[in-house]
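I have placed the structure first, in the form of structure tokens, so that the comments after it can refer back to it.
Nothing in this text is a laboratory measurement; each read-out follows from the coordinates by a stated rule. Please read all numbers here as calculations on a predicted model, not as lab measurements. Cβ coordinates were reconstructed from backbone atoms using ideal geometry, including for glycine residues, and neighbour counts include every protein chain displayed.
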Amino acid sequence: MSDDDRIEAMYEHLAATAERPVARSASAYLGEAEAVARDLAERPADPATVRERAGHVVRLLREAGDTEDDEADEHVAAALALAEALAAGTGSDGASDSDDNGDSDDKGDSDDNGDSDDKGDNDDGDHRDGDGP
């Protein structure tokens, strides 16, 4: 599932809570979370912004408490799981969407010698071959 799909599903779950008879104390939090999710669904955002806004959704949903409606609770739980994955930058399989250098392109960008050609160069830094760096 792509981030766009997760964002859309998160928004749909939160929009569905608006149709349910939820507790007044939870309603404001759910409405705010829905607004943030709608903004993410309607406006493209860079990965850092997606993580930040999804984090807001997570906090709002955790603060919402009991909705007093089982169907709404199911939607909230589903939206929360999606928001947590988006906030963490992880896919539905729990794996991080970013590579070890944190830039999300899965290219690695540098081999172990730091020269970014990904050829390996057999340069482990000990230079016993006398060629130097």
| field | Burial ranking of peptide ranges 34-42, 76-84 (average Cβ count within 10 Å, highest at the top) | value | 76-84, 34-42
| remark: Between the modelled labels at T90 and D70 (7 Å from Cα along Cα→Cβ) the distance in nm is 2.9
| field | Relative contact order [Cα under 8 Å, 6+ residues apart], region 3-87, whole percent | value | 46
| query | Under 5 Å between amide H atoms, partner at least 5 residues away or on a different chain: which partners does E68 have, H built in plane at 1.01 Å? | reply | A23
| Once label points are set 7 Å from the Cα along Cα→Cβ at both D4 and A23, what is their separation, rounded to one decimal in nm? | 3.8
| remark: In whole Hz, the Karplus estimates of ³J(HN,Hα) for region 39-46 (6.51, -1.76, 1.60; θ = phi - 60°; x where Gly or Pro) are 4, 5, 5, 8, 10, x, 9, 6
| Hey, rough spin-label estimate for A15 and E42, points 7 angstrom out along Cα→Cβ, what's it come to in nanometres? | 1.1
| How would you classify region 3-87 from its alpha-carbon gyration tensor, with a ≥ b ≥ c the square roots of the eigenvalues: rounded for a/c under 1.5, else prolate if a/b is greater than b/c, otherwise oblate? | prolate
| Among L60, P21, I7 - extreme Cα towards positive end, dipole of region 1-71, charges at beta-carbon | L60
